[in-house]
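As structure tokens, the structure follows; a few thoughts come after it.
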Amino acid sequence: MKRDDIHIISRHSNWTKNGVETILKAEIYSDATAWKKFVHILLISLGVGFSVSGIIFFFAYNWADLHKFVKIGMVEGLIVILILLIVFSKLNLNIKNIILTGTSVLVGVMIAVFGQIYQTGANAYDFFVGWTAFITLWVVISNYAPLWLVYIILLNTSFMLYSEQVAPNWSGVFILTILFLSNTILLAVSLYLPKIRKEAIIPIWFTIILALASVFFATSGIVVGIAENKYNSSFLALIILTIVIYLAGLFYGLKTKSSFYLSVIPFSVIIIFSAILIKISSGATMFFIVSIFIIISVTFLIKLLMDIQKKWNNE
């Protein structure tokens with residue numbers, strides 16, 4: 001049961017104030033045990049993150065003084081030890097997943113060390129593609145949201161580097177269109193998977209990050225197309241996809257009463273219209289008009305969101 005459900009029931013029933021407070025404390029509010037668990041996981045995450053960072057800086061500082069077999073052996077040995085710890089220890093599942101996420105980062109360190117020692121001459125995208133491929137099985141088996149986020153970042157980075165180093169004839173609009181579409185598909189899967197599979201639990205922060213990435217790629221692609229006058233098929237496809245997906249996002253925001261989607265999508269539209277105005281004229285007068293337009297539109301958006309929120313609270 002969510003907080004909004006409790007408030008709605010309490011307003012339309014004879015539920016006592018003490019009863020509402022009791023259910024809020026039991027179902028919504030975090031108690032001392034929950035906070036201890038949060039702090040414990042946070043400290044473990046910070047410890048693993050700082051440890052991985054320390055390993056990276058250790059190699060960077062002592063690179064010239066270490067033998068090549070020592071460099072590779074240290075990283076591989078650490079990865080093997082961590083995997084054995086994850087498989088055979090009786091640690092909490094969350095802690096194991098955190099360690100696995102750090103181990104996945106060490107895989108990238110190992111590939112980088114190998115490439116630097118033997119000067120393989122591979123492109124940068126080869127490094128990220130190999131890194132992505134080697135941790136795929138871990139990502140699927142663990143089904144851990146932070147590790148999935150690392151995996152998605154690697155996928156996006158691999159594609160961007162591939163387009164830059166192997167397919168330089170691809171336009172920036174086309175690249176951003178592909179990134180927008182792929183990240184939106186991932187977002188749609190993460191939003192509707194829990195409805196299909198009840199056991200699938202996807203954190204809200206994960207879907208928010210994916211939504212921000214999708215909106216960023218769509219906004220960037222349209223702004224780049226406007227700035228460079230590249231009104232080709234890729235730009236037209238991006239415009240159509242953006243309109244359709246933005247409308248779907250607004251509908252989803254209204255249906256789920258999520259002010260996030262109702263704010264980030266209009267803000268993207270404001271940026272796009274500002275880019276159109278600047279393209280019409282780049283003089284000082286137009287910049288003044290754009291400033292006024294942004295102030296008025298953002299103020300109107302905030303007022304609209306406040307009205308919608310009040311309507312939701314009164315339902």
Note on the stretch 153-180: residues farther than 24 Å from TYR231 by Cα and buried (at least 20 other Cβ atoms within 10 Å of the Cβ) are LEU154, SER158
Going residue by residue through the stretch 217-229, is there one that turns out to be in the same structural domain as ILE278 (by TED's automatic domain parsing), over 15 Å from VAL264 (Cβ atoms) and not in a helix (DSSP H, G or I)?
yes
The stretch 143-174, residues that are touching a residue at least 24 places away in the same chain (Cβ under 8 Å), more than 26 Å from VAL109 (Cβ to Cβ) and either among the β-branched types (Val, Ile, Thr) or assigned to a loop (DSSP other than H, G, I, E, B) (or both)
SER171, VAL173
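Would the stretch 192-202 turn up any residue that is assigned to a helix (DSSP H, G or I) and either in contact with a strand residue (DSSP E or B) (Cβ under 8 Å, 6 or more places away or on another chain) or in contact (Cβ under 8 Å) with a residue 24 or more places away in the chain (or both)?
First, the residues of the stretch 192-202 that are assigned to a helix (DSSP H, G or I): 192-196.
Narrowing further to those that are either in contact with a strand residue (DSSP E or B) (Cβ under 8 Å, 6 or more places away or on another chain) or in contact (Cβ under 8 Å) with a residue 24 or more places away in the chain (or both): none.
No: the stretch 192-202 contains no residue that is assigned to a helix (DSSP H, G or I) and either in contact with a strand residue (DSSP E or B) (Cβ under 8 Å, 6 or more places away or on another chain) or in contact (Cβ under 8 Å) with a residue 24 or more places away in the chain (or both).
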Among the numbered criteria (1) modelled with pLDDT under 90; (2) out of contact with any Gly (no Cβ under 6 Å at 6 or more places or on another chain); (3) assigned by TED's automatic domain parsing to the domain that holds PHE114, which one does ILE153 miss?
(1)
Residues of the stretch 247-285 being under 19 Å from the mean Cα position of the chain (by Cα) and touching a residue at least 24 places away in the same chain (Cβ under 8 Å), which ones?
GLY249, TYR252, SER259, PHE260, TYR261, LEU262, SER263, VAL264, ILE265, PHE267, SER268
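Can you name every residue in the stretch 131-142 that is surrounded by fewer than 18 Cβ atoms within 10 Å (Cβ to Cβ) and touching a residue at least 12 places away in the same chain (Cβ under 8 Å)?
The answer is PHE134, THR136.
The values are calculated or read from the model by the stated rules, or taken from the named source; none is laboratory data. Since this is a predicted model, take the numbers as computed values, not measurements. Don't worry about glycine lacking a Cβ; one is built from the backbone with ideal geometry, like all the others, and counts go over all protein chains shown.
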